[in-house]
Structures are given as C-alpha cells and as structure tokens.
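Structure first, commentary second.
The values are calculated or read from the model by the stated rules, or taken from the named source; none is laboratory data. Note that the structure is a prediction, hence the values are computed from the model and not measured. So basically every Cβ, Gly included, is an ideal-geometry build from the backbone, and we count neighbours across all protein chains shown. Note: areas computed on protein heavy atoms with side chains; ligands, DNA, RNA excluded. Shrake-Rupley method; radii C 1.70, N 1.55, O 1.52, S 1.80 Å.
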Amino acid sequence: MHDSSANQDSDIWQEARERMVENQIRMRGINDLRILDAMRRVPREEFVSPDQKIFACNDCALPIDCNQTISQPYTVAYMCAAAQLTGNENVLEVGCGSGYGAAVLSLLAREVHTVERIPELVQQASERLQRLGYFNVQVYSADGNLGVPQAAPFDAIIVTAGAKSLPKPYLNQLKEGGRIIIPIGTEFTGQTMCRFTLKNGKLSEEDLGAFTFVPLIGEFGWPT
Ligand code: SAH
C-alpha cells in the first residue's frame, strides 16, 4: 500500500469539509441529506486562491480575484435549500464568481447555467469546473440582469449578488412552479433573502432573512 502526500492532503480536506458541514450547516438546521452530501463532496479548497486555501472551510465568505467573494458555506447551502431542488431541474445561477455555488448546484440538479459579468472570473471558473469534472455546468460571460434566455425556462433562478429589485427578464424565464432566490436590499439595510414562486401564473414572495452579498451590477442592482 502506498500513501502519497497528495492522498494525505485530500484526507485532511475531506475531514475539514465534514466538520464544515456538521458545525456550520447541519447544526444550523439544514437537514436535506442531498445538500449535506453535495457540500461534503465539492472540494471548496479548489475554488479559492492558494493564499486563501487554509481558510477555505471557515465559516465566512472569502475574497476571490477581481474584488469579488466566494459565499460563506452556510449561505450556499441555505440558497440551495430555499430552491427546493429534487435532482431533475434546469437551474440558472446569476453570479458565477469562483464557480463553487455552481458546482454544488450541479450535484443537486440536472443542469446548471451560470452567468458572470467579469470575463477573468468566467475564464477561471470554466477551467476549474471542467478540470474538476462538473460537466453539467455551462458558464456564460454576460450581464446576469438579463437572465440567460437561450437556456430558459428554468425551475430555479439563484442570484448570488445583492439586487435592488427583482430583474424583470427573469419572469419570462421561469417555469410554472419555479422559484427565484434573490437577496434584495438597499445600500443601508443590507439584503433580505427573498423567494419568489410562480404559481398559476402569479408570483408570490416570501422573506427568508438577512444576508450580506457583493452588489449585483447593472439595471436591477448598482452602478459599476
Ligand atoms: N456564486 C459565487 C459567488 C460569487 S459573488 C461563488 O460561489 O463563488 C457574486 C458574483 O456576482 C461576482 O463574481 C460578481 O462579479 C457577479 N456579478 C455581479 N453583478 C453581475 C451581473 N450583472 N451579471 C453577472 N454577474 C454579476
């Protein structure tokens, strides 16, 4: 039997992710086994820069390139739970960033489309997701305020940047029964996580609590 240092390294990360799931996610009340399993399996440490790697499983958002962030693990799990995925969905993520959220979603849905406005992050996330084998994720370089009409309709739209209001184009890209999970707020108040559900052609809204996100840039968010 041989035990390379790479194997030891991956065991250490596996344990770190186990603790992350137990202490940060399950302890806070997320019990969906598929979500817990996805968060254990996706190597979060591969989605941050080398200098942030030791913090990868900490209970916080971390800086990534271009002044953006990878969301806190609990926030990712929370949004996945709010989206009520069973495994057969077509999902849109707005704000690809590192690609971490998309990787987690890819284990919970049939296909994931993720859009990012910063070309450098698009490039990095696409390469990373390919390298790690997340082949049911498609990354788009575009303005997420517009959704991704060519991949619609979606069962769920998950927005990982804080908006001022619900982007109107999403309404035409959502299936009957579909959910939009989006943090909405002002500069002063921070954001409230909102879930919009389309039922019988009508949109209903629920507020799910306070969160903090980097801004959504553009028409339904903030100027650059
Ligand atoms: N889901 C990401 C979190 C990234 S932070 C992860 O797991 O790492 C939010 C991202 O939204 C940033 O990368 C930011 O560049 C992007 N963003 C902001 N406004 C956008 C817009 N209008 N269209 C697409 N992406 C946008």
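Between a first residue in the stretch 201-216 that is free of Cβ contacts under 8 Å to residues at least 24 places away in the same chain and small (Gly, Ala, Ser) and a second residue that is open to solvent by 70 Å² or more (accessible area, probe 1.4 Å) and more than 16 Å from the ligand (Cβ to nearest atom), which pairs have beta carbons less than 9 Å apart while being 6 or more apart in sequence or on different chains?
Within 9 Å, the pairs are ALA210/THR189.
Yes/no per residue for (1) part of a loop (DSSP other than H, G, I, E, B); (2) open to solvent by less than 70 Å² (accessible area, probe 1.4 Å):
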{"position": "SER10", "(1), (2)": "no, yes"}
{"position": "GLN14", "(1), (2)": "no, no"}
{"position": "GLU18", "(1), (2)": "no, no"}
{"position": "ILE25", "(1), (2)": "no, yes"}
{"position": "ILE30", "(1), (2)": "yes, yes"}
{"position": "ARG40", "(1), (2)": "no, yes"}
{"position": "GLU45", "(1), (2)": "no, yes"}
{"position": "GLN52", "(1), (2)": "no, yes"}
{"position": "CYS57", "(1), (2)": "yes, yes"}
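Tell me which residues, restricted to the stretch 59-89, are more than 13 Å from the ligand (Cβ to nearest atom), surrounded by fewer than 19 Cβ atoms within 10 Å (Cβ to Cβ) and farther than 15 Å from ARG28 by Cβ.
Residues satisfying the conditions are GLN84, THR86, GLY87, ASN88.
For the stretch 165-216, which positions are out of contact with any strand residue (DSSP E or B) (no Cβ under 6 Å at 6 or more places or on another chain), within 16 Å of the ligand (Cβ to nearest atom) and open to solvent by 40 Å² or more (accessible area, probe 1.4 Å)?
SER165, LYS168, GLU187
Is it the case, given these coordinates, that VAL115 is touching a Gly at 6+ places or on another chain (Cβ under 6 Å) and either in a strand (DSSP E or B) or open to solvent by 30 Å² or more (accessible area, probe 1.4 Å) (or both)? If you could, list the steps in order and put the result at the bottom.
Values: touching a Gly at 6+ places or on another chain (Cβ under 6 Å): yes; either in a strand (DSSP E or B) or open to solvent by 30 Å² or more (accessible area, probe 1.4 Å) (or both): yes.
Answer is yes for this residue.
If I ask for residues that are within 20 Å of MET39 (Cβ to Cβ) and buried (at least 21 other Cβ atoms within 10 Å of the Cβ), which ones from the stretch 135-160 would you list? If you could, list the steps in order and put the result at the bottom.
Within the stretch 135-160, the first condition is being within 20 Å of MET39 (Cβ to Cβ), and the residues that meet it are 135-137, 156, 158-160.
Answer for the stretch 135-160, where residues must be within 20 Å of MET39 (Cβ to Cβ) and buried (at least 21 other Cβ atoms within 10 Å of the Cβ): VAL137, ALA156, ILE158, VAL159, THR160.
Return only the number of the condition from (1) surrounded by fewer than 20 Cβ atoms within 10 Å (Cβ to Cβ); (2) more than 10 Å from the ligand (Cβ to nearest atom) that SER106 does not satisfy.
(1)
Quick check on the stretch 118-132: of everything there that is within 10 Å of the ligand (Cβ to nearest atom) and touching a residue at least 40 places away in the same chain (Cβ under 8 Å), which residue is surrounded by the most Cβ atoms within 10 Å (Cβ to Cβ)?
LEU121
Please determine whether any residue of the stretch 154-164 is over 18 Å from VAL214 (Cα atoms) and more than 19 Å from the chain's Cα centre (by Cα).
So in the stretch 154-164, the residues over 18 Å from VAL214 (Cα atoms) come out as 154-156.
Now restrict to residues that are more than 19 Å from the chain's Cα centre (by Cα): none.
Among the residues of the stretch 154-164, not one is over 18 Å from VAL214 (Cα atoms) and more than 19 Å from the chain's Cα centre (by Cα), which makes the answer no.
Restricting to the stretch 133-147, count the residues that are among the aliphatic types (A, V, I, L, M) and more than 10 Å from the ligand (Cβ to nearest atom).
Within the stretch 133-147, residues that are among the aliphatic types (A, V, I, L, M) and more than 10 Å from the ligand (Cβ to nearest atom) number 2.
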